[in-house]
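Inspection log for the structure reproduced underneath, given as structure tokens.
The values are calculated or read from the model by the stated rules, or taken from the named source; none is laboratory data. Note that the structure is predicted; figures quoted are calculated from it, not measured. Cβ atoms come from the backbone with ideal geometry, glycine included; neighbour counts cover every protein chain shown.
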Amino acid sequence: MAAPTAKLNRLSRTGASSSALLDWLEKAHLTVAGLSVVGLAVLGWIVARLVGSRTLYLLVYAGVLVMVISWLVARKRLGLEVDRSELPARMREGQTADVVLKLRAQKRATILIVEEQLDPALGKTVRVPVSAISGGEELEHSYAFSPSRRGVYDVGPAVARWSDPFGLTTQQQLLAEPTKVIVHPAVELVHDRILTRMWEDPPIRPPVSKPWPTGFEFYGMREYVPGDDLRRVVWAAVAKTGKMLVRESEQGITDRVSIVLDTNREWHKPGDPSDTFEAAVRVAGSLGVRHLGDGFSVTLSTCTARLGTNLRGPSARYRMLDELAMVQMSKTPLTGAAQFLMGDARRGSHFVIVTPHLDQEMASRMRLVLERGASVVVVKIVWDESDPMSLARAAGLGCQVVQVPLNSSIESAFTHQVGGGIRR
């Protein structure tokens, strides 16, 4: 057992390294020992040619013959199949997924490594040493991974790696195709109340106020109909009237929300991933989920493009989070989103701008939006090198400002600065 174990350990160490040399060796189907034999053969041929030694030529030919035999022996196909358990199509940051790999052999195979390749954001690549497996035998291996950041990743492919008896060459065989997983950004409960505009004190209601199932202000009561949430039943009214009555709420001044995510690389914290950008994505996702849950129509934009227009309903949540899972930084400044702001700006619209920096040019564009009767909330991502003038520019416009310090609770920041259901 000592020799097979040592060979498995060598294979495992070779697969675990990410150096350029070992990557090249993998493509060339050589081990370090095999590369050494090839190098000695080349050097021996040069020396044999210089000194004219027939013995050295014979040694070189023997080394080449050994390499050819090793390659021919190792290139055989393995009768193996791998079944991967079903994975969730969508996950969230920090969620754990359990995976079961079932390895079935159609014929006997010995001394190999079954490798399930994982992106570093999902975890370490899984390697299962198999000393021997008989035909018809089935092996199972369980592992778990937990995404550390949002994105779109492949779980797999699953491959088998093995070597020849001399340990000079390596081969690999695809056992299972990769499975794609979309990792959504983590979201938190936030309080963003759409009830007032900066020039309304007290707030002015729309001419025709509409009932909203999960709004903010009490609107009235109506009789219960099948499908209503029992949590909205007013039991005190039931006791007085003998009828099942449910509470309805007032929708406020608008049901249109536009979220703008600043993707400008210049003002985000350096690094890949950028901590401030990931925080901004989580804020945008939290706000979008909250407003979609309240029944509003949500539009999501970045500095360069629309990610979603007039999203509404429970199914739109997944579409929005899918887009946020794939969004990347760009070189376009925040003013690139001004065209979307002006296009959506109308009386009663509500805008949320998530950014680490607000310059004077963008503040001027926002003033035009406010003058059209829209409400604007600026969510400022705060970190060590933040520009303090950004807060002054936002406050000077009269719009509400929410500061979200890096690596802090988004929910706490909104609750403290907006209020958990308290009108400003």
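Observations, loosely collected:
- Any hit, the range 93-112, residues being over 19 Å from Leu321 (Cα atoms), under 19 Å from the mean Cα position of the chain (by Cα), of a type in the set (Lys, Arg) and part of a loop (DSSP other than H, G, I, E, B): no
- Scanning the range 321-348 for residues that are farther than 18 Å from Ser258 by Cα and of a type in the set (Ser, Thr, Tyr) gives Ser330, Thr332.
- Among the candidates Val73, Val82, Val66, residue that is under 30 Å from Ile133 (Cβ atoms) and outside any helix (DSSP H, G or I): Val82
- Within the range 314-332, the set of residues being in a helix (DSSP H, G or I) and more than 17 Å from the chain's Cα centre (by Cα) comprises Pro314, Ser315, Ala316.
- Filtering the range 296-309 to residues that are surrounded by fewer than 20 Cβ atoms within 10 Å (Cβ to Cβ), touching a strand residue (DSSP E or B) at 6+ places or on another chain (Cβ under 6 Å) and touching a residue at least 24 places away in the same chain (Cβ under 8 Å) leaves Ser297, Thr304.
- Cβ-Cβ distances below 9 Å connect the following pairs, each with a first residue in the range 374-392 that is among the charged types (D, E, K, R), a second residue that is at pLDDT 85 or above and assigned to a strand (DSSP E or B), and a separation of six or more residues or different chains: Lys380/Val354; Lys380/Thr355; Lys380/Val401; Lys380/Val402; Lys380/Gln403; Lys380/Val404.
- Any hit, the range 352-362, residues being buried (at least 17 other Cβ atoms within 10 Å of the Cβ), in contact (Cβ under 8 Å) with a residue 40 or more places away in the chain, under 27 Å from the mean Cα position of the chain (by Cα) and in a helix (DSSP H, G or I): no
- The requirement of being modelled with pLDDT under 90 and under 24 Å from Val377 (Cα atoms) is fulfilled nowhere in the range 227-248; no residue meets it.
- Residue pairs whose Cβ atoms lie under 8 Å apart, sitting 6 or more positions apart in sequence or on different chains, and linking a residue in the range 313-331 that is over 17 Å from Thr302 (Cα atoms) and in contact (Cβ under 8 Å) with a residue 24 or more places away in the chain to a partner that is surrounded by 11 or more Cβ atoms within 10 Å (Cβ to Cβ) and among the basic types (Lys, Arg), are Tyr318/Arg90.
- For the range 68-90, the criterion of being at pLDDT below 90 and of a type in the set (Ser, Thr, Tyr) is met by at least one residue.
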